[in-house]
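Below is one structure, written out as structure tokens, with a few remarks after it.
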Amino acid sequence: MEVSRVDTCLADSRQQYIQDIFDDFRISSTHAFLLVDVPELPSRFDDLADILRNIAQLVRQKKLRCLINELPVIDTGDLVEYEILRHAHMLYSIVTNSYVWQDGEFQAPKVLPKQLAMPLTDLSRKVELPPVVCHASLVLANIIHIDQSKPLELGNMSLKYSLPGDKSCDWFFLATGNVELKILPVLKTLLECQWSVEQKHVNEVTSCLCELANHIDDLTAAFMRMHEGLDPDKFYHELRPYLGGWDKIGMIYEGVSDRPIKMTGGSAAQCTGIQAIDIFLQVQHNSSRKSFTKNL
């Protein structure tokens, strides 16, 4: 009986250790880093949201920049709820990249207009994300749970907003969202292992490492599902350009900075869970890879 009570106390202590870290880093106990079904924005953002819903057509017709230039600068100062802020950041970042790359990879403007630059910079500061599209905006805040009576999984999720390009390119973000779901048991196992190391429970450390190997296999299988719905040519020619940042050319953010700001764009390599595995296992990358991930 005494042994059973000790085991229960240890299990409770381990669970509290994990929950505290989840709370500190806004990790959901069901969806990991995904913010599913973000709440709607105030009505003053409706015009911009309508533009984003029609973004592919507007880009094809070369009308997006004109429409954005006619909008007022929307005040974001009163937004305080975290998930609302993330929704707004997603909205502005996707429109921003669509604006910049509307005319192709080699015809980017030198100035991002204040209608986008000022709100996006404010939102980015509040949520501690870059003022450009990133994995956090394109995937983590962008997932809709279609039928909430059934589990959230690939086939039961959609995107709130899409980048310009063929609609089939949505699969890239949906498949990546599915990978994010598979990150949850990975994070729990990493933290269980860390707790066991601190408690000097050698057998549990060994068990956790075996579990981690199985989870990595599951992640690999989830990544491989990318091939089911994504045409490589459409990804490269239609979607990839809009993922790009301006880390080489720089961009003047009107109303924010008179000097060009350099930003790296969105990449699935920004997935926190994958980087957490590397850090936990002390995976060493070569210098070019280190530079790449640091810039992300």
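What separates the Cα centres of the range 76-114 and the range 184-204 is a distance of 39 Å. Counting only alpha carbon atoms, the long axis of helix 170-199 and the longest principal axis of the chain meet at about 30°. For the range 105-247, the residue among Ser196, Gln115, Leu239 whose Cα projects farthest onto the positive side of the dipole built from Cβ charges is Gln115. Counting Cα-Cα pairs of the range 137-253 in 10 Å increments starting at 0 gives whole-percent bin shares of 13, 31, 27, 19, 9, 1. These residues, His201, His87, go from largest to smallest accessible area, 1.4 Å probe, as His201, His87.
Taking the charge dipole of the chain about its Cα centre, with +1 at Lys and Arg Cβ atoms and -1 at Asp and Glu Cβ atoms, the residue from Leu91, Ile261, Ile18 reaching farthest to the positive side is Ile261.
Among the cysteines of the chain, Cys9, Cys66, Cys134, Cys169, Cys210, Cys271 have no other cysteine beta carbon within less than 4.7 Å of their own. Note on the chain: with neighbouring protein chains present and a 1.4 Å probe, carbon and sulfur make up 53 percent of its accessible heavy-atom surface.
Quick one: net charge around Gly250, please, counting Lys, Arg +1 and Asp, Glu -1 for every other residue with C-beta under 11 Å from its C-beta. Each step should come with its number before you reach the end.
Details: positive: Lys110, Lys248, Arg259, Lys262; negative: Asp247.
Computed value for this residue: +3.
The phi torsions of the range 46-58, fed into the Karplus equation with coefficients 6.51, -1.76 and 1.60 and a -60° offset, translate into couplings of 4, 4, 5, 5, 5, 4, 5, 5, 10, 5, 4, 5, 5 Hz, rounded to whole numbers, with Gly and Pro shown as x. Directionally averaged projected area (the range 1-156, Cα convex hull): 12.9 nm².
For the chain, modelled as a GNM whose springs connect Cα atoms under 10 angstrom apart, the maximal fluctuation among Phe33, Phe106, Phe25 occurs at Phe106. Mean-square fluctuations from a GNM of the chain, with a 10 angstrom spring cutoff on Cα atoms, peak among Tyr242, Tyr82, Tyr99 at Tyr82. Restricting the calculation to Cα atoms, every distinct pair contributes to the Kirkwood radius of the range 202-285, found to be 16.6 Å. A Förster radius of 41 Å combined with the Cβ-Cβ distance from Gln19 to Ser168 puts the calculated FRET efficiency at roughly 0.55. Return the label of the correct value of Cα extents along the principal axes in Å, as calculated from the structure shown, out of (i) 73, 42, 42; (ii) 82, 37, 37; (iii) 59, 50, 49. For Cα extents along the principal axes in Å, the calculated option is (i). Rounded to whole Å, give me the distance from the Cα center of the range 39-54 to that of the range 119-173. Comparing the Cα centres of the range 39-54 and the range 119-173, I get a distance of 15 Å.
Measuring how big the range 118-159 is from its alpha-carbon positions, Rg and Dmax come out at 13.7, 40 Å. Averaged per residue, the range 117-265 has 48 square angstrom of accessible surface, using a 1.4 angstrom probe with ligands and nucleic acids left out.
Using a Gaussian network model of the chain in which every pair of alpha carbons under 10 angstrom is joined by a spring, one finds that among Ala88, Ala49, Ala141 the greatest mean-square fluctuation is at Ala49.
The values are calculated or read from the model by the stated rules, or taken from the named source; none is laboratory data. Predicted model, so just to flag it, every value in this text is computed and none were measured. We place every Cβ from the backbone using ideal geometry, glycine too, and count neighbours over all the protein chains shown. Note: accessible area is taken over every heavy atom of the protein model, side chains too, but ligands, DNA and RNA are not part of it. Shrake-Rupley method; radii C 1.70, N 1.55, O 1.52, S 1.80 Å.
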